[in-house]
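Engineer: The structure's right below; bear with me while I get my questions together.
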Amino acid sequence: MKLLLLHSSHLEFQPHKKAVDSAEDCDKEPRRIEECLVVFNAFEAGDERDMSHVIERADEEIRDVAEQINVERIVVYPWVHLTSEPGDIGKAMESQKLLEDKLKNDYEVIRSPFGWYKEFEIHVKGHPLSELSREIRPEGEEEVDEKIDPKRLLDQISKTKLDRKDLKENDHRIIGQKMNLFSFYSAAPGMVFWHENGMRILDELKSFWRDMHRKAGYKEISTPMVLDEKLWKISGHWEKYRDNMFPTEYEDRDMALKPMNCPGGILVYKSKSRSYRELPLRFGELGTVYREELSGVLSGLFRVNCFTQDDAHIYCKEDQLKSEIEGVIDLTDEIYSTFDLGYSVELSTRPEERIGSDEIWDKSEEILKEVLEESGVDYELNEGDGAFYGPKIDFHIEDSLGRKWQCGTIQLDFSMPERFDLTYVGKDNKEHRPILIHRAILGSLERFMGIILEHTDGNLPTWMAPVQVRVLSITDRNIPRSEEIFEMLEEEGIRSDRNFDSTTLSEKVREAEIERVPYIVVIGDKEEESGELAVRRIWKDDIEYGVDPEKFVEEVKQRIRERR
């Protein structure tokens, strides 16, 4: 059985029609449930061999999460999409009733009807325990050794096929195929295989991030992928996230691939004695993290098991907090504006389950409020949805389709400095505790790229485009001159390629348009004679003739410099 556990401020669902003939009868009216733990679950093939154990373990996992987030209401929601190997329908229906019966002794339980096509809307909270997944197998189940068959194994790890029937044409997965950016294989579920074109975009995004952060006074660091369990126990992740971490071992030591960058960064801070003169100390890291998600919720670049976060951690004194937070807000606005992205802001306050005194919470919430108001930032109050260690400011960017994505965040943390015994030597030569600001702006680089691809329909600004100029020859006799133009562009540092195939010009242009190349340069007999270029710009319908090569190069380089 697979479980996806979501702490929700509300869930609203409405059954529409039966998906299977044996579906139970139900009321088709929409139903809304407030403040609940939603348990999406899938009964899998093989679970019927030891159903009592599977249900018992599912009950334990659900109760464990429900107690930690302090909810009294649980929604049991059968969702076959979590698994690729669903179990027997009758047994699956029985499992839902058994699970409901076990839970309802201690909780208010709502069971979504089994076997129906349902429309649902869910608002998931944003704290560390709001999204968790679990996998439960029958007791004693073991993998069966089998003779290695390379052909069969190769079939099993083949490229993931993209089912386009429910996708819009501007879906980033379709655009990614057309532009040859990335692919996915079952050999590494939820992990991106970047192609050359995709790497070019990713590299530009990272270079942009580095430029902006270097100017803002950040020092870039890099921390290991695999860290000892002791570190994760100190940080609290071993207790809270263990089931969503990728564990491993080294010489009988329990280790894990990092799900977050902050504990490793904290060790960099602790690598030497720190003075007040160093503060504020801003460490930035483009760190790759691993978080185990159920296969049924993986979705292109938007939800993956492995992604890169543009993390930064600021260590500062209390009297530096406001100016540092203002700096992050300004940097966030500048970065989002570069991509022509609008955004809204939320201030999330203390949750019921939290650490730290009310005095510290009062102070930190007031600081965030004052910074937002003094900076003239409009914001909505999201009461009770802060991190367990402190309040936070979240940035929700809006794309061209009106969808909102929570990418940026600023979080005040008085807990980690205490747990890791972080100190600095003050003017009085005594040790003091720094305050830690966790922040991200792009969030997941993979998700951000997916958002930008859909926001622009793949028509990326010239500075980001994997191929900035494509040179086309009209006939074979124009190839030598076309080659000269291509080499000139390459020497000028402009990402270029060429198409000298023996096909029609319209076919070559169409191919370049599908691949979203910003500039198309065409060389025919007239261009050879005049020494000029014919240029097609993707944002214009017509071709401009008689373009001077040097002026063209300067135009492209100016757009790259200005990040347009």
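Engineer: Residues in region 321-336: is at least one more than 24 Å from PHE448 (Cβ to Cβ) and either in contact (Cβ under 8 Å) with a residue 60 or more places away in the chain or touching a helix residue (DSSP H, G or I) at 6+ places or on another chain (Cβ under 7 Å) (or both)? Outline the logic, then answer.
Structural biologist: Pass one, region 321-336, residues more than 24 Å from PHE448 (Cβ to Cβ): 321-323.
Filter once more, so that each one left must be either in contact (Cβ under 8 Å) with a residue 60 or more places away in the chain or touching a helix residue (DSSP H, G or I) at 6+ places or on another chain (Cβ under 7 Å) (or both): 321-322.
Yes.
Engineer: Evaluate the following for PHE120: is it in contact with a helix residue (DSSP H, G or I) (Cβ under 6 Å, 6 or more places away or on another chain), under 22 Å from ALA23 (Cβ atoms) and not hydroxyl-bearing (Ser, Thr, Tyr)?
Structural biologist: Against the criterion (in contact with a helix residue (DSSP H, G or I) (Cβ under 6 Å, 6 or more places away or on another chain), under 22 Å from ALA23 (Cβ atoms) and not hydroxyl-bearing (Ser, Thr, Tyr)), PHE120 does not qualify.
Engineer: If a residue must be modelled with pLDDT under 95 and not in a loop (DSSP other than H, G, I, E, B), how many such residues does region 530-559 contain? First the steps, then the outcome.
Structural biologist: Applying the first criterion (modelled with pLDDT under 95) to region 530-559 yields 538-543.
Next, from what is left, pick out any that are not in a loop (DSSP other than H, G, I, E, B): 543.
Number satisfying all stated conditions: 1.
Engineer: Here is a follow-up. Give me the pairs: first residue in region 483-507 and closer than 14 Å to VAL469 by Cβ, second residue of a type in the set (Ser, Thr, Tyr) and outside any strand (DSSP E or B), beta-carbon distance under 7 Å, and six or more apart or on different chains, which are they?
Structural biologist: So the pair list comes out as ARG498/SER482.
Engineer: For region 518-557, give me the residue count where each residue is of a type in the set (A, V, I, L, M), within 41 Å of the chain's Cα centre (by Cα) and farther than 10 Å from LEU472 by Cβ.
Structural biologist: Summing the residues that are of a type in the set (A, V, I, L, M), within 41 Å of the chain's Cα centre (by Cα) and farther than 10 Å from LEU472 by Cβ in region 518-557 gives 5.
Engineer: Next up: Within region 380-399, which residues are modelled with pLDDT of 95 or more and aromatic (Phe, Trp, Tyr)?
Structural biologist: Answer for region 380-399, where residues must be modelled with pLDDT of 95 or more and aromatic (Phe, Trp, Tyr): just PHE395.
Engineer: Within the bounds of region 494-508, is there any residue that is of a type in the set (Lys, Arg), touching a strand residue (DSSP E or B) at 6+ places or on another chain (Cβ under 7 Å), within 30 Å of LEU205 (Cβ to Cβ) and modelled with pLDDT of 95 or more?
Structural biologist: yes
Engineer: Suppose we keep only residues that are assigned to a strand (DSSP E or B) and farther than 30 Å from TRP232 by Cα within region 416-472. Which one would you say is farthest from the chain's Cα centre (by Cα)?
Structural biologist: LEU472
Engineer: Consider ILE367 carefully, then state whether it is crowded, with 21+ Cβ neighbours inside 10 Å and either touching a Lys or Arg at 6+ places or on another chain (Cβ under 7 Å) or in a strand (DSSP E or B) (or both).
Structural biologist: Taking the combined requirement at face value, the residue does not satisfy it.
Engineer: Also: Do any strands (runs of 3 or more DSSP E) entirely within region 158-275 hold 2 or more residues that are of a type in the set (A, V, I, L, M, F, W, C), touching a residue at least 12 places away in the same chain (Cβ under 8 Å) and closer than 16 Å to GLU292 by Cα, and if so, which?
Structural biologist: By residue number, 253-257.
Engineer: Could you say which residue among GLU60, GLU100, GLU35, GLU67 is surrounded by 14 or more Cβ atoms within 10 Å (Cβ to Cβ) and assigned to a helix (DSSP H, G or I)?
Structural biologist: GLU100
The values are calculated or read from the model by the stated rules, or taken from the named source; none is laboratory data. In this text, all values refer to a predicted model and were calculated from it rather than measured experimentally. FYI the Cβ positions are ideal-geometry reconstructions off the backbone, even for glycines, and counts take in every protein chain you see.
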